[in-house]
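Worksheet for the structure shown next.
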Amino acid sequence: MKKTLSILALTILVITASGQKADRFVNDLLSKMTLDEKIGQLNQYTGDWGATGKITSDGEKEKQIREGKVGSMLNVIGVDKTRKLQELALQSRLHIPLIFGQDVIHGFRTTFPVPLGETASWDLALIEKSARIAATEAAAYGIHWTFAPMVDIARDPRWGRVMEGAGEDTYLGSKVAVARVKGFQGNGLGNTDAIMACAKHFAAYGAAVGGRDYNSVDMSLRQLNETYLPPFKAAVDAGAATLMNSFNDLNGVPATGNAYLLREKLKKEWNFKGFVVSDWGSIGEMVPHGFAKDEYDAALKAITAGSDMDMESRCYRNNLKQLVQDGKVPVALIDDAVRRILIKKYELGLFSDPYRFCNEEREKAETNNADNRSFAREIGVRSIVLLENKPVNGKPLLPLSKSNAKIALIGPFGKATTAHHGFWAVPFPDDSQRIETLHDAIAAQLDKNASLIYSKGCNIQDNDTSLFAEARKTALSADMVIMTLGEAPDMSGEAKSRSSLRLPGVQEELLKTIFATNKPVILLISAGRPLIFNWAADNVPAILYTWWLGTEAGNAIADVLFGNYNPSGKLPITFPRTEGQIPIYYNHYNTGRPAKDDNDKTYVSAYIDLPSSPKYAFGYGLSYTRFEIGNLQLSSDKMKINKGKIEARVDVKNSGDYDGEEVVQLYIHKLIGSVVRPVRELKGFQKIFLKKGESKAITFTLTPEELKFYNDKTEFVNEVGEYELFIGDSSLASLKSRFTLNE
Ligand code: BGC
């Protein structure tokens, strides 16, 4: 014990001492800097590819780098390119190195499942490892900083960016945020395989009205603090080096110029010591927002509110000096922003060796790293969600046998390559050769007595049905059909909001045509968001939701189809029945007129033309085996508000025919509050493995901390009273108990 304490004391001493050293170094450097050089540190440009907005021409940029007028670059990838620009930066008067940033969202050289898909694994250790590997690969290519994780809570699947985050739930989203920050930053900045994380987009971007990207957000501060901010707070507490602004206005004030968010919450209340980068051009966009008169005014509002670095709007570069000369911006404000950025450069080790991320050998080793590929397959299988597995001839269709079958693979993803990457994959010229197609992956697993035939059937997006007849013939000559449908990779992501969430083009028509052959159909859906596919859900016996799984998509899907891995994914976001039901999320309020059930329409809160429930609930996902969760016992039916705790114990039995993993979920409901409380709130989950026939008791511990919420004065409080507690395999869990929280 003593030894642990002294190690702890020593660690704190070392951290404090190195913090003081960094402060001394940076203060000394700051004292030598001209105002122009300071403003330069706040300026970030893009390399000329991968741009999501307007850009400055290359030659001009290089000149500015040499003059010390650029603090950071994004979209510059590779040791040769980053070295070249770093050399220019070191020619500047004070030789201050650049930081290279990049959207490393789901893998880098190896593409992993899209973040929403990874979250469906509910496996925090794997999610952390995915970020760890992405960081290692990116760092080897000269990158110091990723613009991830995206921690925006998203309850609206029309919003294309749901694919980038962890879905609709604050508790799950906060855990995933921490896992990703830890993964990216590894053993801490200063290690050459650690890159800075950037929790984005601060804040409430996911609540854009109508799910339309960049749209406004208007919400109570209570809702903001309770639902949307906690994943950011969790990321900050986990040590996230940076945050990024969001594009939206929040209650009338653009997030980029929002002092409540940046100064009051982030920098004061949460004591955030890192820096805030604007989103692409978001400082300048405060002009069209109607919040700033011109770019001069926009720069004033952004720096005053607490935005430290300007990504590509050039408002800081063009206006900050004048703002200082006009007495509108104190130099101290600029110093604070510059200091934050320089401290991170120091922590990254760039002042001692600006080229420490420029190592050709490391880059080569990460070019096609076999271990990373096999990890992509491992996290791929765990991201897949089994939505349907109805019996055909008395037996669930999945898993498939590898022998004695003639299988038809039909659909536009069967021989697709980069379509499995989805949006925000970092493109490399050899990507399409590195991806194992679904066709080849399935063929590789079949034994000699089985065969695979293929037909594309249609394209993802157009209305061409000319391949239907051939696809039908292919189906007719097989024993069963695997159909692979979904969204094109540019249909979910930034600026990819959709008003219709149906399978695009003629894919559903193709599905119906093939289904009409009476061959058993297994449907695979590749997408970045929840799609709406009611006909398929009601008719097709087996459906796997495969998101976009990345480099190892084919192998991962084949592993699940043939039962090498028994699917365990659970939905991190509710799947609606129609677009008109959106936003629909599990942790809604009860209202004064809740519907009793799906058919209740008598002056209750419901749609007259739809059941009230979603198509698939949050937390839902099937397995090839059967899990029974029972015998719920609480250690007490009372919890003391100060230091109390309750243990909830259940027995979980694998009573089916396969070994498998189950995600056991715990939800609470506070019956009465000074403000109304959600009908359910996730407060714990455990992913466990059970061999067939095996049982295990698992225990959750609840403390008053998990029961706190924001009252109408935006205070984070515990309120005494009665709670329901549910444990089960989804947000529909029916196993239930009660307890009270007492003084
Ligand atoms: C996106 C950010 C991204 C940035 C840099 C913006 O358009 O909103 O999420 O990090 O571009 O590529």
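See the values below:
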| item | result |
| --- | --- |
| Region 227-266, residues that are surrounded by fewer than 21 Cβ atoms within 10 Å (Cβ to Cβ), more than 20 Å from ASP297 (Cα to Cα) and among the charged types (D, E, K, R) | LYS233, ASP237, GLU264 |
| Some residue of region 167-182 being more than 16 Å from the ligand (Cβ to nearest atom), surrounded by fewer than 24 Cβ atoms within 10 Å (Cβ to Cβ) and outside any helix (DSSP H, G or I) | no |
| Filter result for ALA495 (open to solvent by 30 Å² or more (accessible area, probe 1.4 Å) and at positive phi) | yes |
| Residue in region 291-305 that is touching a helix residue (DSSP H, G or I) at 6+ places or on another chain (Cβ under 9 Å), among the acidic types (Asp, Glu) and within 15 Å of the ligand (Cβ to nearest atom) present | no |
| Residues located in region 65-101, provided they are open to solvent by less than 10 Å² (accessible area, probe 1.4 Å) and outside any loop (DSSP other than H, G, I, E, B) | ILE65, SER72, MET73, LEU74, VAL79, THR82, GLN86, ALA89, ILE99, PHE100, GLY101 |
| For GLU662: the one exception among (1) open to solvent by 20 Å² or more (accessible area, probe 1.4 Å); (2) in contact with a strand residue (DSSP E or B) (Cβ under 8 Å, 6 or more places away or on another chain); (3) acidic (Asp, Glu); (4) more than 14 Å from GLU647 (Cα to Cα) | (1) |
| Qualifying residue in region 283-306 (condition: under 22 Å from GLY183 (Cβ atoms) and at pLDDT 95 or above) | no |
| Matching option when the condition is among the basic types (Lys, Arg) and either within 28 Å of VAL151 (Cβ to Cβ) or open to solvent by less than 30 Å² (accessible area, probe 1.4 Å) (or both), among LYS601, LYS638, LYS643, LYS570 | LYS570 |
| THR417 being within 24 Å of VAL114 (Cα to Cα), surrounded by fewer than 20 Cβ atoms within 10 Å (Cβ to Cβ), among the β-branched types (Val, Ile, Thr) and free of Cβ contacts under 8 Å to residues at least 40 places away in the same chain | yes |
| Set ARG362, ARG356: member being touching a residue at least 60 places away in the same chain (Cβ under 8 Å), in a helix (DSSP H, G or I) and charged (D, E, K, R) | ARG362 |
| First in region 143-154 and free of Cβ contacts under 8 Å to residues at least 60 places away in the same chain and of a type in the set (Ser, Thr, Tyr), second anywhere and in a loop (DSSP other than H, G, I, E, B) and near the ligand (Cβ under 9 Å from one of its atoms), Cβ under 8 Å, 6 or more apart | THR146/ASP103; THR146/ILE105 |
| Residue within region 609-631 that is of a type in the set (A, V, I, L, M, F, W, C), open to solvent by 80 Å² or more (accessible area, probe 1.4 Å) and out of contact with any helix residue (DSSP H, G or I) (no Cβ under 7 Å at 6 or more places or on another chain) present | no |
| Count - residues of region 467-498 that are more than 19 Å from SER451 (Cα to Cα) and not in a loop (DSSP other than H, G, I, E, B) | 4 |
| LEU126, sole failed condition from (1) assigned to a loop (DSSP other than H, G, I, E, B); (2) under 14 Å from the mean Cα position of the chain (by Cα) | (1) |
| Filter pass, ALA441 being part of a loop (DSSP other than H, G, I, E, B), open to solvent by less than 40 Å² (accessible area, probe 1.4 Å) and closer than 27 Å to LYS512 by Cβ | no |
| Given (1) under 20 Å from GLY684 (Cα atoms); (2) aliphatic (A, V, I, L, M); (3) over 33 Å from the mean Cα position of the chain (by Cα), number of the condition ALA617 does not satisfy | (3) |
| Close pairs from region 232-248: first on the phi > 0 side of the Ramachandran plot, partner in a helix (DSSP H, G or I), Cβ under 9 Å, at least 6 apart | GLY239/VAL181; GLY239/LYS182; GLY239/GLN185 |
| Residue that is nearest to the chain's Cα centre (by Cα), among those in region 183-225 that are open to solvent by 20 Å² or more (accessible area, probe 1.4 Å) and β-branched (Val, Ile, Thr) | VAL209 |
| Single residue of ASP80, ASP103 found to be among the acidic types (Asp, Glu) and in contact with a strand residue (DSSP E or B) (Cβ under 8 Å, 6 or more places away or on another chain) | ASP103 |
| Members of region 279-309 that are among the polar types (S, T, N, Q) and either open to solvent by 10 Å² or more (accessible area, probe 1.4 Å) or in contact with a Phe, Trp or Tyr (Cβ under 8 Å, 6 or more places away or on another chain) (or both) | SER282, THR304 |
| Lone unmet requirement of (1) in contact with a helix residue (DSSP H, G or I) (Cβ under 8 Å, 6 or more places away or on another chain); (2) surrounded by fewer than 21 Cβ atoms within 10 Å (Cβ to Cβ); (3) modelled with pLDDT of 80 or more for THR110 | (2) |
| Per-region count, region 499-522, residues in contact with a Leu (Cβ under 9 Å, 6 or more places away or on another chain), in contact (Cβ under 8 Å) with a residue 60 or more places away in the chain and assigned to a loop (DSSP other than H, G, I, E, B) | 3 |
| Residues that are within 23 Å of ASN187 (Cα to Cα) and over 14 Å from the mean Cα position of the chain (by Cα), drawn from region 87-110 | PRO97, LEU98, ILE99, PHE100, GLY101, GLN102, PHE108, ARG109, THR110 |
| In region 1-57, the residues that are modelled with pLDDT of 60 or more, assigned to a loop (DSSP other than H, G, I, E, B) and small (Gly, Ala, Ser) | GLY47, SER57 |
| Per-region count, region 188-244, residues basic (Lys, Arg) and part of a strand (DSSP E or B) | 1 |
| Residue list for region 129-149, restricted to those being within 14 Å of the ligand (Cβ to nearest atom) and either assigned to a helix (DSSP H, G or I) or open to solvent by 10 Å² or more (accessible area, probe 1.4 Å) (or both) | ALA138 |
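Residue-wise test of (1) within 19 Å of THR418 (Cβ to Cβ); (2) within 16 Å of the ligand (Cβ to nearest atom).
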{"residue": "ALA488", "(1), (2)": "yes, no"}
{"residue": "SER492", "(1), (2)": "yes, yes"}
{"residue": "ALA495", "(1), (2)": "no, yes"}
{"residue": "GLY505", "(1), (2)": "yes, no"}
{"residue": "LYS519", "(1), (2)": "no, no"}
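The values are calculated or read from the model by the stated rules, or taken from the named source; none is laboratory data. This is a predicted model, so every value here is computed, not measured. Reconstructed Cβ throughout: ideal geometry from the backbone, glycine too, with neighbour counts over all protein chains shown. Surface areas here come from the heavy atoms of the whole protein model, side chains and all, with no ligands, DNA or RNA. Shrake-Rupley method; radii C 1.70, N 1.55, O 1.52, S 1.80 Å.
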